[in-house]
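Report on one structure; see the data block that follows.
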Amino acid sequence: MIASKPAKLSAALLFAAFLVTGCSSTSTTDGGGDSTSSGDTAYDSTAQGQAYGSDNVDSSTSGQDAAGRIGTIFYFDFDKSELRGDVRAKLNEQARLLNGKSGIVRLEGHADERGTREYNIALGERRAMAVANYLASQGVARSQIETISYGEEKPQALGHDDSAWSQNRRVGLSYSE
Amino acid sequence: MSRLLVLFFAFVVAPLSHAALTIEITQGVDNPTSIAVVPFSYSGGDSLTQNIPAVIESDLYRSGQFAPMDQNDMLSYPHMSQDVHYRDWRAVGAEYVLVGRVSKIMGPMSIQVEYELMDVIRQKKILSGTVKGYSDKLRAVAHNISDDVYAQLSGIRGAFSTKILYVAANNVSKGQFRYRMMIADSDGHNEKTIFESSEPMLSPTWSPDGKNVAYVSFESGKAAIYTQNLGTGRRSRLTDFPGINGAPAWSPDGTRMAMVLSKDGNPDIFIMDLDSKKLTRVASHFAIETEPSWTVDGKGIIFTSDRGGKPQIYKANLADGWVERLTFEGDYNARARLVPDGSGLVMIHRRNGKFHVALQQFENGRIRLLSKTDMDESPSIAANGAMLMYATQYRGRGILAAVSIDGSVRYRLPSSSSDVREPAWSPFFDKK
């Protein structure tokens, strides 16, 4: 049974929108199925992904379209916490939007389900910290940033395959005034 | 080699019981010992709520080392040792015969079982005993007898009277989960929820006396370590530091708690004195340090660290802070637990991209895979060291599974209603 189709769909939209590298091609072909995604979490609801409404959007335009919107998801490679090039570009945009604002930036770090749970909590924190450090280097005040790691406990996609895992290795950024 | 015993093991359960965990035995030893558990007599008049011999049979069967005899194959149903005719039992292939008598007695523990165990080959009684219990807890009475019989025949203390703690998760609506901290008998019966939350829980663990548990819960919106008394149900928050509050582990003497805190910037192992709440840092490094557990003597901590670039198991000596690396094979070894005699450790080991429960013996350093599944987590060893339970996936769901420490016996404990994970096998509840 595959329980992750819609999760794949909604996340795939986000995925497609954010990735310069465009390696989401396999997941974007999925559609329909029962609804199990966690698509209504705070950082998802900023609706950057939905703004495009298409799998085939040119992800390089996302920065412009996202202007004025704070909040997004950054994806990571397996067992890695280094920021990918596309993530850096996205973070530059977020840092610019945050400039002069005084609200709180919440960074939620996540891991895919592979490996042990507590190690994945640590990995999720390392990813959130990598994003926090980068935002700080771009001028966002440390005191505005809070981080939390859920490890593998809150998957965005519920499947047990590469597509689901790639959507679950992430840091979600949300902003509150 | 993987001798399929039976795919589904039917328990004698009260019809209204909704035991969510069921047991499916998938592999036993090649030549299990044949034992006849003869139906017990009962002088109480009313009917018993549980069939005690059936529970004993299922315990012995689940150990993988015994083949209980079908009652239809028995030539007679004796209740006393003097009525056991050894020649008859030898004729039907029984190596051991267990007989018993259940009676009502005065007092709160109103049920008494007298039992006798006979060796058919040597034609003699090798064990007899009396177990008292509550009329509504007859399974516990049966588990006690199973423990005694198992110890007599295997030389290893039985762990049928122990319990398991685990996490059940249900997807209740889009993106919403219900997490429950569960406790059940080691055979999956008598399942009870001890805490429920819409936020994740993980890393449950037992106090050495089995009276308290600790776990990580995100109920406040962030990770914190909670302890809970199983008698009163009372909970208290032990830690709530910024960042990770994880992987609690009681010291063998119950006075300290090892844990992971990232309050100083990255995850390190700390030990908290439970009286003074004073923290001592054990292993500090800019890398990830996590998943502490204690050496048997309480003088050391083994933990996972990626200080060498990949997660491996290390051991810290608490007296002098000396840290040594214990695992060298493979590029992912995590969440180790020492076997009770200290001769080795079980852990999660990645091989060819798959995550397995594995045993490493210290004597030769060799790693042996214990599981045939490939998304394994959270191995937890039974108090007698004979079996371990872990979490894995089966048919797309999170289930619990068990394997003997020598890999010869396996069973699964899927839940009919939830994803289940994070098993923690209890210590013995009484000193013996």
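The values are calculated or read from the model by the stated rules, or taken from the named source; none is laboratory data. Every value quoted in this text rests on a predicted model; they were computed, and no experiment measured them. Don't worry about glycine lacking a Cβ; one is built from the backbone with ideal geometry, like all the others, and counts go over all protein chains shown.
Looking for whichever is touching a Lys or Arg at 6+ places or on another chain (Cβ under 9 Å) and surrounded by fewer than 17 Cβ atoms within 10 Å (Cβ to Cβ) here; the options are B:GLY221, B:GLY231, B:GLY243. Which one fits?
Numbers: B:GLY221 fails: touching a Lys or Arg at 6+ places or on another chain (Cβ under 9 Å); B:GLY243 fails: surrounded by fewer than 17 Cβ atoms within 10 Å (Cβ to Cβ).
It is B:GLY231.
Just one residue in the set A:ALA128, A:ALA132 is within 26 Å of B:SER203 (Cα to Cα), assigned to a helix (DSSP H, G or I), among the hydrophobic types (A, V, I, L, M, F, W, C) and modelled with pLDDT of 95 or more; that residue is A:ALA128.
Here B:SER128 meets the list (1) among the polar types (S, T, N, Q); (2) in contact with a Phe, Trp or Tyr (Cβ under 8 Å, 6 or more places away or on another chain); (3) under 30 Å from B:LYS192 (Cβ atoms) almost entirely, failing just condition (3).
One line per residue, one yes/no per condition, for (1) more than 15 Å from B:VAL131 (Cα to Cα); (2) among the acidic types (Asp, Glu); (3) buried (at least 16 other Cβ atoms within 10 Å of the Cβ):
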site: B:SER43; (1), (2), (3): yes, no, no
site: B:VAL55; (1), (2), (3): no, no, yes
site: B:VAL97; (1), (2), (3): yes, no, yes
site: B:GLY100; (1), (2), (3): no, no, yes
site: B:LYS104; (1), (2), (3): no, no, no
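Name the residue that is surrounded by the fewest Cβ atoms within 10 Å (Cβ to Cβ), counting only residues in the stretch B:57-95 that are of a type in the set (Gly, Ala, Ser), in contact (Cβ under 8 Å) with a residue 24 or more places away in the chain and outside any loop (DSSP other than H, G, I, E, B). So, considering only residues that are of a type in the set (Gly, Ala, Ser), in contact (Cβ under 8 Å) with a residue 24 or more places away in the chain and outside any loop (DSSP other than H, G, I, E, B), the one surrounded by the fewest Cβ atoms within 10 Å (Cβ to Cβ) is B:SER81. When you check B:TYR150 against the structure, is it on the phi < 0 side of the Ramachandran plot, of a type in the set (Phe, Trp, Tyr) and either under 24 Å from the mean Cα position of the chain (by Cα) or not in a loop (DSSP other than H, G, I, E, B) (or both), yes or no? Answer is yes for this residue. For the stretch B:312-337, a residue qualifies if it is among the acidic types (Asp, Glu) and either within 14 Å of chain A (Cβ to nearest Cβ) or assigned to a strand (DSSP E or B) (or both), and the qualifying residues are B:GLU324, B:ASP331. Need at least 1 residues that are within 14 Å of chain A (Cβ to nearest Cβ) and of a type in the set (A, V, I, L, M, F, W, C) per element, so show me which strands (runs of 3 or more DSSP E) inside the stretch B:199-304 make the cut, counting only ones lying wholly within it. Fully inside the stretch B:199-304 and qualifying: B:201-206, B:212-217, B:224-229, B:245-250, B:256-261, B:268-273, B:279-283. Starting from the stretch B:245-262, keep only residues that are within 18 Å of A:ILE148 (Cα to Cα) and free of Cβ contacts under 8 Å to residues at least 24 places away in the same chain, then list their pairs with residues that are of a type in the set (Lys, Arg) and surrounded by fewer than 24 Cβ atoms within 10 Å (Cβ to Cβ) whose Cβ atoms are within a distance under 7 Å, requiring at least 6 positions of separation or different chains. Listed by first residue and then by second, the contacts come to nothing, as the list is empty.
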